[in-house]
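Remarks on the structure that follows.
The values are calculated or read from the model by the stated rules, or taken from the named source; none is laboratory data. Worth saying up front: this structure is predicted, and the values here are computed from it rather than measured. So basically every Cβ, Gly included, is an ideal-geometry build from the backbone, and we count neighbours across all protein chains shown.
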Amino acid sequence: MNKKNKRHEQIYFTTPHIISLLTNVTTSNQYGINNDTVERFARYMEKYPELYHQLADQVSSLTNSDKPIILDVGMGPGLLTAAISQKIPQAVIIGLEPQEKMLHFAQRKSKKSFSIIQAESGKLPISNNLLDIIVTRFSIPYWPDPSESIKELFRVLRPGGHVIFNALNKDYSRLSLILIKLHMAIRGAQGDVIRYHMDAYTLAYTEPQLRTMLVTGGFIVSPVAVSKKDWQFILTAQKPL
């Protein structure tokens, strides 16, 4: 067996299509979101496919393997994971999500084009130095211990591999957040979905805070310009060779 096939066999050994890690699963209610809100949130976010396809394009731009192994941490209903599978159909793609209801939506999206793990970011059931790219979108506010999770990302990423953080900007102005709430209401978001989105901002990080955590975790972080006018930002970091 050649080295490449061995890597793919290794990932599938640790990630069957759904893995229930009983000692490490967090339910929807522990995140302050019930199953009805999860469903409404997923339906609302389906109105913005361009957000996921743009991030999938960035993931694709960093792939340098014929069959890269990609992990989406905090996949939610699987919209980004599905976009990546469309953009890079030859990739081995894994979505990780702790909330069971979100996983049901993701399973519908997968159509067996990606694998799914039910687990926390702080304890990844994946072998060392295995992944080519890790991407996460807006999930870090819900990580119980971001520093520990970043250590885990570093552990499972291969040397030279990349991690992409698409994060909400803690520095975004309150007035602008009010305008976002208004926009969401006009687009049909119900009150619980709006609150869920706004709560994420209260738990979010600034770009310097996230950069510091990544550097402390051993990553080399690419420079990026972020202002208070940006409601989100993207940080890309590399594990040293």
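Suppose we filter the stretch 191-241 for residues that are part of a loop (DSSP other than H, G, I, E, B) and under 19 Å from residue 166 (Cβ atoms); how many remain? Give the steps one after another, and end with the answer.
Filtering the stretch 191-241 down to residues part of a loop (DSSP other than H, G, I, E, B) leaves 203-204, 206, 217-219, 222-231, 239-241.
After this cut, where a residue has to be under 19 Å from residue 166 (Cβ atoms) as well, the list is 203-204, 206, 217, 219, 222-231, 239.
Of the residues in the stretch 191-241, 16 are part of a loop (DSSP other than H, G, I, E, B) and under 19 Å from residue 166 (Cβ atoms).
Take residue 161 and tell me if it is within 24 Å of residue 223 (Cα to Cα), buried (at least 24 other Cβ atoms within 10 Å of the Cβ) and of a type in the set (Gly, Ala, Ser). Steps first, answer last, please.
Working: within 24 Å of residue 223 (Cα to Cα): yes; buried (at least 24 other Cβ atoms within 10 Å of the Cβ): yes; of a type in the set (Gly, Ala, Ser): yes.
When the stated conditions are applied, residue 161 passes them.
Report yes if residue 189 is in contact with a strand residue (DSSP E or B) (Cβ under 7 Å, 6 or more places away or on another chain) and either hydrophobic (A, V, I, L, M, F, W, C) or over 19 Å from residue 94 (Cα atoms) (or both), otherwise no. Can you show your working first?
Numbers: in contact with a strand residue (DSSP E or B) (Cβ under 7 Å, 6 or more places away or on another chain): no; either hydrophobic (A, V, I, L, M, F, W, C) or over 19 Å from residue 94 (Cα atoms) (or both): yes.
It is false that residue 189 is in contact with a strand residue (DSSP E or B) (Cβ under 7 Å, 6 or more places away or on another chain) and either hydrophobic (A, V, I, L, M, F, W, C) or over 19 Å from residue 94 (Cα atoms) (or both).
Give the number of residues within the stretch 173-200 that are surrounded by 13 or more Cβ atoms within 10 Å (Cβ to Cβ) and either in contact with a Ser or Thr (Cβ under 8 Å, 6 or more places away or on another chain) or not aliphatic (A, V, I, L, M) (or both). Can you show your working first?
First, the residues of the stretch 173-200 that are surrounded by 13 or more Cβ atoms within 10 Å (Cβ to Cβ): 176-177, 180-181, 184-185, 189-190, 192-200.
Filter once more, keeping what is either in contact with a Ser or Thr (Cβ under 8 Å, 6 or more places away or on another chain) or not aliphatic (A, V, I, L, M) (or both): 176, 181, 190, 192-193, 195-197, 199.
Total meeting the criteria: 9.
Taking residue 203 and the conditions (1) surrounded by 15 or more Cβ atoms within 10 Å (Cβ to Cβ); (2) modelled with pLDDT under 95; (3) hydrophobic (A, V, I, L, M, F, W, C); (4) out of contact with any strand residue (DSSP E or B) (no Cβ under 6 Å at 6 or more places or on another chain), which numbered condition does it fall short on, given that it satisfies the others?
(1)
Kindly check whether there is at least one residue in the stretch 113-132 that is of a type in the set (Lys, Arg), out of contact with any His (no Cβ under 8 Å at 6 or more places or on another chain) and either surrounded by 16 or more Cβ atoms within 10 Å (Cβ to Cβ) or under 23 Å from residue 56 (Cβ atoms) (or both).
In the first step, residues of the stretch 113-132 are kept if they are of a type in the set (Lys, Arg); the result is 123.
Those left that are additionally out of contact with any His (no Cβ under 8 Å at 6 or more places or on another chain): 123.
Now drop any that are not either surrounded by 16 or more Cβ atoms within 10 Å (Cβ to Cβ) or under 23 Å from residue 56 (Cβ atoms) (or both), which leaves none.
No; the residues of the stretch 113-132 include none that is of a type in the set (Lys, Arg), out of contact with any His (no Cβ under 8 Å at 6 or more places or on another chain) and either surrounded by 16 or more Cβ atoms within 10 Å (Cβ to Cβ) or under 23 Å from residue 56 (Cβ atoms) (or both).
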